[in-house]
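A short write-up of the structure that comes next.
The values are calculated or read from the model by the stated rules, or taken from the named source; none is laboratory data. Note that this is a predicted model, so its numbers are computed, not measured. We place every Cβ from the backbone using ideal geometry, glycine too, and count neighbours over all the protein chains shown.
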Amino acid sequence: MITKEWPPHIYGGAGVHASNLVTALAEISDIATKVHCFGPRREDAVNYELHGDLASINPALQALLIDSDIASHLGSVDIAHSHTWYANLAGYLASKMYNIPHVVTAHSLEPLRPWKAEQLGGGYQISSWAEKISYESADAIIAVSDGMRADVLAAYPQIDPNKVHTIRNGINTTKFAPEKDGSILEKLGIDKPYALFVGRITRQKGLAHLLRAWRQVSSDYSLVLAAGSPDEPAIGAEVEQLIAELSVERGNIHWIKEMLPHKELTSLLTHAQAFLCPSIYEPLGIVNLEAMACETAVVASRVGGIPEVVADGETGLLVDFSNQHEIFETNFAAAINAVMSDSSLANRFGKAGRERAISEFGWDKVAVQTTNLYRSVI
């Protein structure tokens, strides 16, 4: 298993996925999994880290060097499974060097994230190349949603559709479950019904759209933002300015920049009347599953794989994304107001959301499907 992220250094859905998949595979199969990851030493993984002058080069070049190193250590494995473009090239190189199958999990696609050029500069062309050559040469591609599968085939039409398989992300509904302890609310000074956003500050997550939409939400409610680690300075500055303006105009904006302990996160999710996901691109959206598992109603944009997770009118409300941003923001605000103004509706959505998370998105199901796919390509 090749991944950039591995506990405790996880910042996105791909890292959450890889970690849970390895655990689930160990529980249901006899497959021996060794994890190769980027960054500092972990006891349960083989790590790769650049030092000295190499640590200061473009992140895309760093990834290529680390991938080459990882590939050189995969001569004894039967299959290489990589996650995200950062790690894909390691699987590609290993497949060519040792004639082993390479499986890629598609968590996102570089062609659909042009704003990454702001973060990586010219490295975006490198990341796009690494992804393309890895996908087109892979023995199998796992798409985390049907929407993601369609995107893969549209972005890379040379890929045989029979090689692209939908295996949706899972959720640990024991780890993510309603948390009755609400002391975090007093700690943060939250004294009104609130809506919650959790995610990185990146254009993909649509936080700037949410902040502009919030101007049209009733002042009877608070907005809690668990958001940090901006991808690049421009989006960080834009979000910070919007939050500052809202704080002056409206108040009741609570911005949590640091990563929360798990219990505090699940407590915030549980006690929120609505979880907000205004993403403009989302292959699946694990955060929505986490909120649903905590019995919280979801208001989300109807993009990518989100409609496969959030059942519109049953576990939350979906809003069509529009390139006419003002229309999207107005409609998103209306959906927020609808859920925030009706606690019985929010409770009904929340109960149905947890039931759906348990019945449809267990990691045991993901592990079984993944194991079957491994066997089909060996």
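Among the residues of the stretch 144-175, those identified as under 26 Å from C294 (Cβ atoms) and in contact with a His (Cβ under 9 Å, 6 or more places away or on another chain) are V144, M148, N169, G170, K175.
In a residue-by-residue description of the stretch 310-326, the property of being under 18 Å from R168 (Cα atoms), within 22 Å of the chain's Cα centre (by Cα), surrounded by 18 or more Cβ atoms within 10 Å (Cβ to Cβ) and not hydroxyl-bearing (S, T, Y) applies to at least one position. Among the residues making up the stretch 133-164, those that are in contact (Cβ under 8 Å) with a residue 60 or more places away in the chain and closer than 17 Å to R113 by Cβ are A143, V144, S145, G147, M148, D151. In summary, S344 fulfils each of the numbered conditions (1) among the hydroxyl-bearing types (S, T, Y); (2) within 22 Å of M148 (Cα to Cα); (3) outside the structural domain of H107 (by TED's automatic domain parsing) with the single exception of condition (2).
Considering A352, A367, which residue is of a type in the set (G, A, S) and not assigned by TED's automatic domain parsing to the domain that holds L318?
Details: A352 fails: not assigned by TED's automatic domain parsing to the domain that holds L318.
Within the list A352, A367, the selection yields A367.
The condition (being of a type in the set (S, T, Y) and under 30 Å from L211 (Cα atoms)) is satisfied by just one residue among S134, S95, S145: S145. Quick check, is S301 assigned by TED's automatic domain parsing to the domain that holds I190, buried (at least 24 other Cβ atoms within 10 Å of the Cβ) and closer than 30 Å to H9 by Cα? Yes, satisfied. Hey, among the residues in the stretch 363-377 that are surrounded by fewer than 18 Cβ atoms within 10 Å (Cβ to Cβ) and of a type in the set (V, I, T), which one's farthest from H17 (Cα to Cα)? Result: V377.
For (1) of a type in the set (V, I, T); (2) at pLDDT 95 or above; (3) more than 29 Å from S145 (Cβ to Cβ), each residue gets a yes or a no:
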site: I28; (1), (2), (3): yes, no, no
site: C37; (1), (2), (3): no, yes, no
site: V46; (1), (2), (3): yes, yes, yes
site: D53; (1), (2), (3): no, no, yes
site: A60; (1), (2), (3): no, no, no
site: I66; (1), (2), (3): yes, yes, no
site: V77; (1), (2), (3): yes, yes, no
site: S82; (1), (2), (3): no, yes, no
site: A90; (1), (2), (3): no, yes, no
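Filtering the stretch 61-118 to residues that are closer than 23 Å to E232 by Cα, of a type in the set (A, V, I, L, M, F, W, C) and in a helix (DSSP H, G or I) leaves L61, A63, L64, L65, I66, W85, A87, L112, A117. Within the stretch 18-43, the residues that satisfy the criterion of being touching a residue at least 12 places away in the same chain (Cβ under 8 Å), part of a helix (DSSP H, G or I) and either surrounded by fewer than 19 Cβ atoms within 10 Å (Cβ to Cβ) or in contact with a strand residue (DSSP E or B) (Cβ under 7 Å, 6 or more places away or on another chain) (or both) are A18, S19, T23, E27, I28. Checked against the criterion of being in a loop (DSSP other than H, G, I, E, B), more than 30 Å from V22 (Cα to Cα) and at pLDDT 90 or above, the candidates S218, S247 yield just one match: S218. Among the residues here, A177 qualifies as outside any helix (DSSP H, G or I) and modelled with pLDDT of 95 or more. Residues of the stretch 336-366 that are among the hydrophobic types (A, V, I, L, M, F, W, C), at pLDDT below 95 and touching a Gly at 6+ places or on another chain (Cβ under 8 Å): F361, W363, V366.
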